[in-house]
Amino acid sequence: MTWAELHGALRERGQIRAGGAPRVNAASREVHGVAYDSRRVSPGSVFVALKGQHVDGAAFAREALARGAAAIVSEAPAPPGAEVPWTVVHDSRLALAILAVTFYRHPSAELKVIGITGTNGKTTTAYLVASIFDAAGVRCGLLGTVGYRVGDEVREATRTTPEAPDLQCLLRDMVDRGCGACAMEVSSHALSLRRADGIVFAAGVFTNLTRDHLDFHDDMEAYFQAKRRLFEILPGDSPSLINLDDPRGASLCELAARPVTYAISRPADIMPGPLSISLGGLSFDVRTRRGSLRVRSSLVGRPNVYNILAAVATAVALDVPFEVIENGIAALEGVPGRFQLASGGTDDVTVVVDYAHTDDALRNLLETARPLTRGRVITVFGCGGDRDRTKRPLMGVVAGRLSDVLLITSDNPRHEDPRRIIEEIRLGITPDTRRDSEQQILTYVDRRDAILKAVELARAGDLVLIAGKGHEKYQAIGTSVLPFDDVAVAREALSRRRSNSGVV
């Protein structure tokens, strides 16, 4: 692709400002990539200098040029004597998205891309949507927190929603590998930073909005406005699947050109009949305007009813046959780190690993667990460092009210002192918020020790919840990223328990 084609795409979107430094014959120059990190520039790349809160990427233009950049795109003016094309734009992040979409030849136009946003439920909803497409014989890619599935290959996820060039490259790879659809989690960060701009979404899903990421967004209204952007960039003929039980759902319906609603408690287009919930899964009818279908799923708990309704609403709005929807939901056995059973049939306790890392998600998890056990609920959790501190005592309140035994530990402390994080969690646990005065509350800075202790303390019939990290296979401590897997540690603890009891 030539620089003239990319430059023309920026011009068409009204992004070019005065102050650039074009070169003679630059228009025919071949471009071999689009980069936003000067360390990843290769010969022939266009380097887009992103303007951040603290640093302007234009400061790294010299390094990009030394690595062979063919052109520079920046909000900052070209320095005197610039010897490559230097285009000055109004918004470097939008420019990055435009260039990425153009360079990778608009891959979303060749896929049914389902964008899923919200605080909780994005990952499971994406897995359900992908399973339905697969059941329909349409190979479906996945982009989200757990990983990126491209054809038959699963790649490690660096972000829930990648930066625009990485995202467009993944979508192009999906097309090249025979995918006809993609179920994609769209984070609030990505929407704020315009990573998803230029994608032609076939549908947009709103799961819910609860407190999270207030270290990035100023307040809940700013957080919601970021989520709302998905529906602002959605094509007018694409359906918006909206959870009407969420207080923000009604305002999204007013914005959406083609709203399709789902709910449990309010009248909506997609609603469930009586729910059957057990550790074995879910069973219920779903009523739609096209008739009813029967859901049987291995997923557990009321929150997964919402996820299933979101997936059903998406499929119904896209005219997928009911039988295919039923088969797709039934085919999904589970999602890594989402109410994932670590225990087995020979264990006398149930151990569940879950990604719940907000107060609302933790509440949902504990309320799901309570009716599924005849014994006590034992909870292990912590909070991440260098992230929203305001949710720490709120998570303490929830855990204190809904757990019989509570072990507070580290999550990913990053550059914070884990002891300080634990103390901030404990601020929410007061005599008024504790389940009862006999409630056992323990603290372990070492997460492995906390998990081992929780399983050791459990009595036959108890349910142990290990919350916060879910699918993650690492723990970030200081500048180190160490191997750590909640499921593996839980299974080690269960193995010890079986050995001590004489059960093999």
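Those helices (runs of 4 or more DSSP H) of segment 248-341 in which at least 1 residues are closer than 20 Å to V352 by Cα, considering only elements entirely within it, cover 302-317.
Restricting attention to segment 150-181 and to residues that are among the basic types (K, R) and over 20 Å from the mean Cα position of the chain (by Cα), the residue that is farthest from S38 (Cα to Cα) turns out to be R177. Answer yes if at least one residue in segment 129-148 is over 28 Å from E75 (Cα atoms), touching a residue at least 60 places away in the same chain (Cβ under 8 Å) and of a type in the set (K, R), and no otherwise. So far as segment 129-148 goes, no, none of its residues is over 28 Å from E75 (Cα atoms), touching a residue at least 60 places away in the same chain (Cβ under 8 Å) and of a type in the set (K, R). Scanning segment 461-483 for residues that are surrounded by 20 or more Cβ atoms within 10 Å (Cβ to Cβ) and either touching a strand residue (DSSP E or B) at 6+ places or on another chain (Cβ under 7 Å) or among the basic types (K, R) (or both) yields D462, L463, V464, L465, I466, A467, G468, K469, G470, Q475. Only a single item in (1) touching a helix residue (DSSP H, G or I) at 6+ places or on another chain (Cβ under 9 Å); (2) modelled with pLDDT of 95 or more is not met by S42, and it is number (1).
Tell me, yes or no, whether segment 42-58 has at least one residue that is in contact with a Pro (Cβ under 8 Å, 6 or more places away or on another chain) and without any contact (Cβ under 8 Å) to a residue 40 or more places away in the chain. No: zero hits. When the test is whether a residue is within 30 Å of Y148 (Cα to Cα) and either in contact (Cβ under 8 Å) with a residue 60 or more places away in the chain or crowded, with 22+ Cβ neighbours inside 10 Å (or both), L457 does not pass it. Among the residues of segment 334-359, the ones that are surrounded by fewer than 22 Cβ atoms within 10 Å (Cβ to Cβ), over 14 Å from T123 (Cα atoms) and of a type outside the set (S, T, N, Q) come to 5 in all. Scanning segment 275-310 for residues that are surrounded by 13 or more Cβ atoms within 10 Å (Cβ to Cβ) and polar (S, T, N, Q) yields S283, T288, S297, S298, N304, N307. Only one of the numbered conditions (1) without any contact (Cβ under 8 Å) to a residue 60 or more places away in the chain; (2) surrounded by fewer than 24 Cβ atoms within 10 Å (Cβ to Cβ); (3) within 30 Å of R363 (Cα to Cα) is not met by G151, and that is (3). Of the strands (runs of 3 or more DSSP E) contained entirely in segment 22-134, those carrying at least 3 residues that are in contact with a strand residue (DSSP E or B) (Cβ under 7 Å, 6 or more places away or on another chain), among the aliphatic types (A, V, I, L, M) and surrounded by 23 or more Cβ atoms within 10 Å (Cβ to Cβ) fall at 45-49, 71-74, 112-117.
The values are calculated or read from the model by the stated rules, or taken from the named source; none is laboratory data. What you see is a predicted model; the values in this text were computed from it and never measured. Quick reminder, even Gly has a Cβ in these numbers, built from the backbone with ideal geometry, and neighbours come from all protein chains shown.
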